[in-house]
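Read through the structure below, which is laid out as structure tokens, and then see the notes.
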Amino acid sequence: MSETPTLSSVLGLPIHLMNDYPGWLRSRLQQGIGTHVVTLNAEMTMQAECDATLAKVIDQAELVIPDGAGVVLYLRLQGKHIQRYPGIELAESLLQSSQQQEPFSVFFLGGAPGVAQLAAAKWQQQVPGLNIVGTQHGYLDSTETEKLRQTLTQLQPQLIFVGLGVPRQEFWIAQNRFLCPQATWIGVGGSFDIWAGIKSRAPNWLAANHLEWLYRLYQEPWRWRRMLALPKFTQKALIHLTQQRVLGKMLP
Ligand code: UDP
């Protein structure tokens, strides 16, 4: 394994910093080392503050990447030279490279009925060597969930994308990863909707100015309540960073 992630923290939650997340994950995939990837943003950080179970799940994940602009700004204010790495881009990088070496088996779970299937068909067209072994929508009753568990146990996919939204997907992975202990599990939020062409990502100029959240609000105005987490995060982050600076000056 070429690079080891450096552990840092955002308001008490872990975050792993490194240059080559896809390379690190590919190596683990090839070795069959089970991995849970969390894509951390300000909204999730605030949710974890009110939910100890979510905080514990994030704490136990093998890889936590800086998905959101808020998290990246927080780390930069601490002097860390890091770039934002959106979870959707990590997922895309793994899918694109899948055909280069031995193609790993992939499973898509989540989204409204038909969406993961459509996303898989589009990917299959784009990357012909891709080995998507199954898809499943994310609105299951208990009988269907049991059937899905059996399917996963039988198929043992190496790479499993779970797009159920935060924190549902993080809990789903934590509770079910034992079914495929050698797999890499990633919570991908609404990525299937984007790959299927139902939603779109913010234009680059908005993302470059840390304003992707504004585009999401424009596309999904019902998110306004959830987005109140963003000013809350900014306030907490500034207080925390100020305290750290003051303490840093006081201590020898
Ligand atoms: N979803 C799902 N099952 C559920 C609730 C949500 O499959 O019970 C899917 C939903 O269809 C959407 C995704 O989860 O595709 C959530 O996307 P969102 O962008 O809201 O994710 P987040 O911002 O929470 O990461």
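The values are calculated or read from the model by the stated rules, or taken from the named source; none is laboratory data. In this text, all values refer to a predicted model and were calculated from it rather than measured experimentally. Cβ sites come from the backbone with ideal geometry, for glycine too, and all protein chains shown count toward neighbours.
Scanning segment 214-236 finds no residues that are among the acidic types (Asp, Glu) and surrounded by 15 or more Cβ atoms within 10 Å (Cβ to Cβ). Taken over segment 36-89, the criterion of being modelled with pLDDT of 95 or more, small (Gly, Ala, Ser) and more than 25 Å from Ile194 (Cβ to Cβ) is satisfied by Ala52, Ala55. Listed by position, the strands (runs of 3 or more DSSP E) enclosed by segment 1-95 that each have at least 1 residues that are of a type in the set (S, T, N, Q) and buried (at least 20 other Cβ atoms within 10 Å of the Cβ) are 35-40. When restricted to residues that are closer than 18 Å to Val71 by Cβ, away from the ligand (no atom under 14 Å from the Cβ) and charged (D, E, K, R), segment 212-246 contains 2. When each of Pro128, Pro157, Pro167 is tested for being in contact with a Ser or Thr (Cβ under 9 Å, 6 or more places away or on another chain) and either over 20 Å from Leu29 (Cα atoms) or modelled with pLDDT under 95 (or both), the lone residue that passes is Pro167.
For segment 96-139, the set of residues classified as surrounded by fewer than 17 Cβ atoms within 10 Å (Cβ to Cβ), farther than 22 Å from Ile173 by Cβ and either within 16 Å of the ligand (Cβ to nearest atom) or among the aromatic types (Phe, Trp, Tyr) (or both) consists of Gly114, Lys122, listed by residue number.
Listed conditions (1) in contact (Cβ under 8 Å) with a residue 60 or more places away in the chain; (2) on the phi < 0 side of the Ramachandran plot; (3) within 16 Å of the ligand (Cβ to nearest atom) are all met by Gly163, apart from (1). Out of Ala202, Ala196, Ala174, Ala183, one residue alone is surrounded by 17 or more Cβ atoms within 10 Å (Cβ to Cβ), more than 14 Å from the ligand (Cβ to nearest atom), more than 14 Å from Val106 (Cα to Cα) and among the small types (Gly, Ala, Ser). It is Ala174.
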